[in-house]
Amino acid sequence: MTKLPESADVVIIGQGGIVGASVAHHLIERGWSNIVGLEKSAIPTDIGSTSHASDFCFTTSHDKLNIYTTRYSQAFYARRGNYVKVGGMEVARVGDEAWMDELKRKVGSGKAFGTNVSMISPSQAKELFPLLDESQIQGAMWDPDAGLVVPRSQKVAGDLVDEAVASGHLQAFPYTAAKRIDVQDGQVRGVETDKGYIQAKYVVLTIGIWGPMIAETAGTPLPLMPVEHPLLFFGPYDALQGTGKEIVYPLFRDQRNSAYVRDTGDPTTSEGGHIEWGYYEPDDPRLVSPWAIAEPEQARMSPSMRDLGLEQVMSAYEKAIDMTPILGELGWQEKRSFNGLLSVTVDNGSMIGETPEVRNLWFCEAVWVKDGPGAGKLLADWLTDGKPAMDPHSVDIARFYPPQKTRGYVYDRCYETAKKIYTPAVHPREPYLSGRRLRTSPFYPREVELGGYFMEAAGWERAHGYQANEATLLAKYRDRVPVRENEWDGRHFWEVSDAEGLAMSDGVGMINLSHFCILDISGPDAEALLEYLSVARVGGNTPAGKGAYTHFLDHDGGIHADLTIIRLAADQYRVICGGDTGHRDLVWIRRMSERQGLTDIRIDDRTESLATLGLWGPKARETLAQFVDEPEQLSNDNFPFATARDLLVDGIPVWAFRISYVGEQGWELYVPHCYGLRLWDLLFDAGVVPVGIETYANTRRLENSLRLQNVDLETDYNLYEADLARNKVKEADFHGKAAYLAQRERAHQPAYLCTLSMAENRDARGVARYPVGQWPILDPQSGEVLVDSEGRRSYNTSAAYGPSVGKMLLLGYIPHDYAEEGRELVLEYFGERYRLRIEAVGYRSLFDPGYQRMRS
């Protein structure tokens, strides 16, 4: 056997699966060489998830990036002659209106993000899939691009590795297990294997269900768990004989029964002659510790293939027979059937990117066969160019805070995720029930007493509204707060939230903002670093106490971060990020510090030591003035907008920042946790209305045309398109400046972020609708989705009813040729079409067009 080389530019751990093989292929395609691939068993793998995968590819998803990686993968397989496009369908049973709506939602997401799915009738479904009892369904969704990887993804993985080895750029080592990743001074140095040590500049982990074990050796928690997936085979099925095909019928999913059916083709093909029925356990999924997976010599079939009993699936199997009677006519092939292990994660997303803890250690984990080549390309482009073709925030491993990667949290969240692989439909606002009360503010006990309606973000409990306000505020503002008759539109939404926002604008309210990520950055290089990262000027003659709303760009001018930076002293700054994006921002700051050689800094994470309370409304100043020794210090002249200072509020030390995300006069009050409860009580006793985060994060944000990172703002778009570019370009260099200047010189941008309102919102049954989620925006004449000159499709990025303006509001990028105030467009929502009106092209508040209220 070839001896391990002493060193490599890249070591891939888990070379034998489709993900590892795809990473190697795409790295070589991007010019990388001197790559070493390690595999615990054979290449292609005979023990990993790829070895038993069902290998089908549906394009249905509600996630834009996931659709991108799937469509890329389908095209990749097809170019190689490894894809049979037979189509696939998902069905809704008779009487199951909720799942029929879910199929319509998938069609909407498909139009928004670029698939070709559509609704079909029961008779059409029967014609396409003869094994179906059409009397069982009321309708189906058809995906003409769905298909099967042939002869197996396992074979494709082997072929890719063979080609990479033949190119001279990869050395592959089967039966060579990685034991430990060597990390020194926070950076990868090499890999210890059972056959020796190899130095490495980069290490990529693509080892799937074993990933947490190897990641732990580097001190980088990988928050995934293996779960059992029952796979049963029935046959032989004589009708497949003589077809000569790898698959004869379209793919079939009955997701409400958490199951799918596919045939395995002609008996002469690799897996042929049977009907495969797969199932995901929605009630009590069986998670398996990576450390408990059997060794190859201990397993009856394979470490990732575990024994299955029919009692495990009997209830769902009986329902499946009603839908596809052939399952009851054929014999169960017990010896062929098994529980296959696959990865589930704490938020159902893949884990890709450089680890926050260790430089040059990259993950490409929890990736399905349908996304394998796409994920490989994503990682290779990211590693080569510093960014992939599409914003990766939804898969970036840096999205998790450390508490979200602890073992107990990971188990609980993965268990909950595993229960929802196929069913039920996951609502866009649906909160997790597990891993709750991980992080609570000092105000939390009072919020509980008020009957807070809690949801969670980044581990923080956030009250979206308060039951205690319903009797007074909801009654007071009932005529301005619409009833959401449709259950889906009103799910995980509380009407009192709208009333609280209206009350704040009539007086004064307080909002718990303790989920903010607060980073104090100081030291000799602090000014130079933040000046280089920020589009706005934050250094130079910027005085202490001055704040700037600014952005970090990638090198192509895409919007990477949206945040506020306040200068505290000559060499000290406070960076305030959204809770959901804060950890990625922190990781970006650290990496850019190293890349630029501006390392003489100190970063103090104040998130869990400072609580934040927003005090806003026309009476905010007079309310706060009651508790300070010199009320005149709060005047507009003495305390201008976008400035900060220390205050004593009835003896409580408070750092007050005059800013507003709700369009009202007021401050963000930052207070040490130990004083938090007293500050809340002080303001509450003074008559300040507790207002839920819904007003801040959604309703008032949309009324003021404010943008949210990773929702309205992504690296796929630039600041000019989002109408957040500065009036002047600062002289100092900043990351992405060259691209920013080039974008500035365009005659016009390809698209503009617009505020839109629904000109009508009643459906065919006369029920007023309040859209939730992201839906396609269409040309009213052609009925086609709008597409800009860059090929980007139009959909609403955000949506919320604005009680202050009495309109259902949306944000969305509209192509230049359509971006005109007053123009009418169409929103498709659950298969029905609603007229939209462009209220503002770019950034303009509908609530306070002159922005006078917050500056008063």
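The values are calculated or read from the model by the stated rules, or taken from the named source; none is laboratory data. The structure displayed is predicted, hence computed values, not measured ones. Positions of Cβ are generated from backbone atoms using ideal geometry, with glycine treated the same way; all protein chains shown enter the neighbour counts. Heads up: the accessible areas ignore ligands, DNA and RNA and are worked out on the full protein's heavy atoms, side chains in. Shrake-Rupley method; radii C 1.70, N 1.55, O 1.52, S 1.80 Å.
Here are the numbers for this structure:
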| read-out | value |
| --- | --- |
| Rounded accessible area per residue of region 464-563, 1.4 Å, Å² | 32 |
| Accessible carbon and sulfur surface of the chain relative to its total accessible area, %, 1.4 Å | 47 |
| Whole-number percent relative contact order across the chain, with pairs defined as alpha carbons under 8 Å at least 6 apart | 11 |
| Between 0 and 90°, nearest 10: helix 372-385 axis offset from the chain longest Cα axis | 50 |
| Which label in [x] 2, 9, 11, 14, 18, 18, 15, 9, 3, 0, 0; [y] 2, 12, 21, 24, 21, 13, 5, 1, 0, 0; [z] 2, 11, 19, 21, 19, 14, 9, 5, 1, 0 gives the computed P(r) over Cα pairs in 10 Å bins from 0, in percent | [y] |
| Cα lying deepest toward the dipole's positive end in the chain, options Tyr834, Pro325, Thr581, charges on Cβ | Thr581 |
| Magnitude of the charge dipole, region 435-529, Cβ model with Lys/Arg +1 and Asp/Glu -1, debye to 20 | 280 |
| Protection-proxy order for peptides 719-725, 520-526, each taking the mean of Cβ atoms within 10 Å per residue, highest first | 719-725, 520-526 |
| Per residue, in Å², the accessible surface of region 600-736 once ligands and nucleic acids are set aside, probe 1.4 Å | 37 |
| In degrees, nearest ten, helix 673-685 long axis to first principal axis of the chain (Cα) | 60 |
| In degrees, nearest ten, helix 314-323 long axis to first principal axis of the chain (Cα) | 80 |
| Filtered GluC sites (Glu not before Pro), region 791-856: DSSP coil and at most 14 other beta carbons within 10 Å | Glu820, Glu821 |
| Net charge over other residues, Cβ less than 13 angstrom from the Cβ of Ile321 (K, R count +1; D, E count -1) | -4 |
| Solvent-accessible heavy-atom area per residue, rounded to whole Å², over region 264-356 at 1.4 Å | 42 |
| Stokes-Einstein D (µm²/s) once Rh is taken as the Kirkwood radius of region 512-575 over alpha-carbon pairs, at 4 °C in 1.567 mPa s | 107 |
| DSSP beta bridges in the chain [antiparallel fraction, %, rounded to 5] | 85 |
| Lys, Arg +1 and Asp, Glu -1 on Cβ, resulting dipole of the chain about Cα centre, debye, nearest 20 | 740 |
| Efficiency of FRET between Gln781 and Asp133 - r from beta-carbon atoms, R0 35 angstrom, step 0.05 | 0.30 |
| Part-to-part distance (alpha-carbon centres) for region 792-851 and region 530-593, which is given in Å | 29 |
| Under the Karplus curve 6.51 cos²θ - 1.76 cosθ + 1.60, θ = phi - 60°, whole-Hz ³J(HN,Hα) for region 441-452, x wherever Gly or Pro sits | 7, x, 7, 4, x, 5, 5, 5, 4, 7, x, x |
| Accessible surface of Glu527 - all protein chains present, 1.4 Å probe, nearest 10 Å² | 60 |
| Farthest positive-ward along region 1-105 dipole, Cα basis, beta-carbon charges - from Thr45, Ala75, Gly20 | Ala75 |
| FRET E, pair Arg765, Val628, Förster distance 51 Å, beta-carbon r, rounded to 0.05 | 0.40 |
